[in-house]
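Here the structure is laid out as structure tokens; the discussion comes afterwards.
Only the coordinates and a few stated rules stand behind these numbers; no lab work does. Note that the structure is a prediction, hence the values are computed from the model and not measured. Using ideal geometry, Cβ is built from the backbone for each residue, glycine included, and neighbour counts are taken over all protein chains shown.
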Amino acid sequence: MTQSTPTQSADNATTQPQARLMIGTELAAEMVTKAAVRAEALRERTGVQPCLATVLVGDDPASATYVRMKQNRSKKAGIGSRSVVLPAETTTEELVAELTKLSEDPEVHGILLQHPVPAQIDERAAFEAIAPAKDVDGVTMHAFAAMAFGEPGFRSCTPGGILRLLEAYEVPLSGAHAVVIGRSPILGKPAGMLLLASNATVTYTHSRTKDLADIVRQADIVVAAVGKANFVRGSWLKPGAVVVDAGYNEGNVGDVHFEEATEVASLITPVPGGVGPMTIALLLEQTVDAAEAQTAAGTASV
Ligand code: NAP
């Protein structure tokens, strides 16, 4: 894997950043190319084109942009998409009915429910309406259990992407102390589970954690999944720590103070271009996995 050094500030040679960048863009591009080859091979062999259904509830512009981005990338990888857009006032029952229909549709191989969903919807009930065989975003309890037990299955895309990035950069996980900041069901929690399955010693932290900076200072690997711009400061890091910034805040800013962190860390993901592209790449890869599995099982149709 190519490893790059962050741009050096020209006016201050004494503050030369030390950390190398973990570039997600490059690895993600390789993953998407491979997924595209497999999608085409499946189509030629069986006539089945992998199809990802995206479900968007409401009119949040950021969510609409994410969905469009995922559809465009799918198209480039030879993956078809089915777009379902529901009004903001959709009820849990209506959303569950839509997801159940897609789960039963043999022409749909993967389902992505864009989240967050509007407040009146029971998000967990909606996620659980996605058939585990089509849960290519890794949001169901089935997927979480597989990640927690270290069993094969679809991974939550951002945590799965983070693990692929750490593996590609040959970051030693076994015995390493990983501190995960954030415990959301789609990011922090499964990220910790995947690190644990790779034999890291995992500490979860969250909004009620006391002495957070002291805990982060003990970490060989820090995963920041907080949703607060520049939240993790350079002074919180142990020298040589590996820093994964999963945050994405307004203005392309991560959850880690990048300039400070590069002075201390050994490896760091940039924002953008680190974790973000890996998330979409894994979604596409898992959609092709799902299409292949359903075709082999005889449950997919052309
Ligand atoms: P979330 O559901 O809002 O969860 C945030 C987590 O951070 C919660 O567990 C919360 O703790 C914790 N937290 C909040 N304030 C804290 C504090 N002061 N100290 C320690 N922990 C604190 O967010 P999310 O969906 O996990 O997303 C996190 C970030 O990742 C966001 O920036 C989001 O945009 C980004 N993201 C990126 C991708 C990607 O593809 N790159 C995908 C998804 C999300 P409590 O549980 O105690 O409330």
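Observations on the structure shown:
- Electrostatic tally near K70: other residues with Cβ closer than 14 Å to its Cβ, Lys and Arg +1, Asp and Glu -1, net +3.
- Prolate/oblate/rounded call for region 47-139, Cα gyration tensor, a/c under 1.5 rounded: oblate
- Segments 227-239, 106-118 sorted - mean Cβ within 10 Å per residue, highest first: 106-118, 227-239
- Other residues whose C-beta falls under 9 angstrom from the C-beta of G234 contribute a net charge of -2, scoring Lys and Arg +1 and Asp and Glu -1.
- When the chain is reduced to its Cα atoms, the Kirkwood hydrodynamic radius in Å: 19.9 Å
- Cα shape, region 98-157, gyration tensor, a/c 1.5 rule: oblate
- Global form of region 157-277, assessed from the alpha-carbon gyration tensor, a/c cut-off 1.5: rounded
- DSSP finds beta bridges in the chain, and of those with both partners inside it, around 5 percent are antiparallel.
- Cross-link pairs K34/K70; K70/K228; K189/K228; K189/K238; K34/K189 - those with Cα-Cα distance over 20 Å: K70/K228; K189/K238; K34/K189
- Shown in residue order for region 138-146 are the 3J(HN,Hα) couplings computed by the Karplus curve 6.51 cos²θ - 1.76 cosθ + 1.60 at θ = phi - 60°: x, 10, 7, 5, 4, 5, 4, 4, 4 Hz (x for Gly and Pro).
- Taking the chain and dividing mean pair separation by its residue count, relative contact order in percent (alpha carbons under 8 Å, at least six apart): 22 percent
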